[in-house]
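FYI, it's all coordinate maths here, none of it is from the lab. Just so it is clear, the structure is predicted and the values come from calculations on it, not from any experiment. Glycine also receives a Cβ, built like all others from the backbone with ideal geometry; neighbour counts cover every protein chain displayed.
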Amino acid sequence: MTCPDVCPTSGAHLKLVYEELNQPDDLAVVFVTVDPERDSLERLRLYIKLFNEDFVALRGEGEALQNVLNQFGVVAIRRQVGESALSYLMDHTASIFLVNQEGYLVSQFIFGLGAEDILHDVELLLE
């Protein structure tokens, strides 16, 4: 993944939360790439394992990806930063979404919240 700030920070927070909860079986951490052009499945697999072996990274394209982004209100915009076709950044919504086992969104964490804030809500959901 090529995200320079949001994704690594979010991944680090989620790693702390997951480890603090002793890696519960009823909690899945899932990353969804907004840049399938550069993020192959292998690249995603290697990236996500930097945080935790149990974490999952998903990749979709076209309409399938856009449907998922729309469902969560995620905006992703490609911003060119150089001459090369691959010299771009993906500006995207910087939130972590907490979804219950029925697939309903129960909380959204804005970028900048600490791991302790996320941990609190996850603990409430898992009770």
* Asked: Based solely on its DSSP helices, what 222 nm [θ] is calculated for the chain when runs of n ≥ 4 H residues each add -39,500 (n - 2.57) and the sum is averaged over all residues, nearest 500 deg cm²/dmol?
  -> -11000 deg cm²/dmol
* Asked: Under 5 Å between amide H atoms, partner at least 5 residues away or on a different chain: which partners does residue 107 have, H built in plane at 1.01 Å?
  -> 98
* Asked: Looking only at 61, 42, 20, which one moves most when the chain is put into a Gaussian network model with springs between Cα atoms under 10 Å?
  -> 42
* Structure fact -> The orientation-averaged projected area of the Cα convex hull of the stretch 6-113, in nm², is 7.4 nm²
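Taking the Cβ-Cβ separation of residue 123 and residue 5 as r and a Förster radius of 25 Å, what is the calculated FRET efficiency to the nearest 0.05?
Efficiency, from the Cβ-Cβ distance: 0.40.
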* Structure fact -> Heads up, the stretch 49-95 by the C-alpha gyration tensor (a ≥ b ≥ c square roots of eigenvalues; a/c under 1.5 rounded, else a/b over b/c prolate, else oblate) looks oblate
* To do: Apply the Karplus parameterisation 6.51 cos²θ - 1.76 cosθ + 1.60, with θ equal to phi minus 60°, to every residue of the stretch 20-34 and state each ³J(HN,Hα) to the nearest whole Hz, in sequence, with x for glycine and proline.
  => 4, 8, 6, 6, x, 5, 9, 10, 10, 9, 10, 9, 10, 6, 9
* Structure fact -> In whole Hz, the Karplus estimates of ³J(HN,Hα) for the stretch 85-98 (6.51, -1.76, 1.60; θ = phi - 60°; x where Gly or Pro) are 4, 9, 8, 8, 10, 9, 7, 8, 3, 10, 10, 10, 10, 9
* So for 15, 49, fewest C-beta neighbours within 10 Å to most, what's the order? -> 49, 15
* What is the set of long-range amide H partners of residue 57 at a cut-off below 5 Å, with H atoms built 1.01 Å from backbone N? -> 31
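For the residues 117, 25, what sequence is obtained by ranking on other C-beta atoms within 10 Å, fewest first?
25, 117
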* **Computed magnitude of the charge dipole of the stretch 6-113 (debye, nearest 20; Cβ of K, R +1, Cβ of D, E -1)** => 320 debye
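Sorting 44, 69 on the 10 Å Cβ count, fewest up front, what's the list?
Details: 44 20, 69 17.
Least crowded to most crowded, the residues run 69, 44.
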* Asked: Pulled fully out, how much extra length does the chain show between residue 30 and residue 111, if you take 0.36 nm times their separation in residues and subtract their Cα-Cα distance?
  -> 27.5 nm
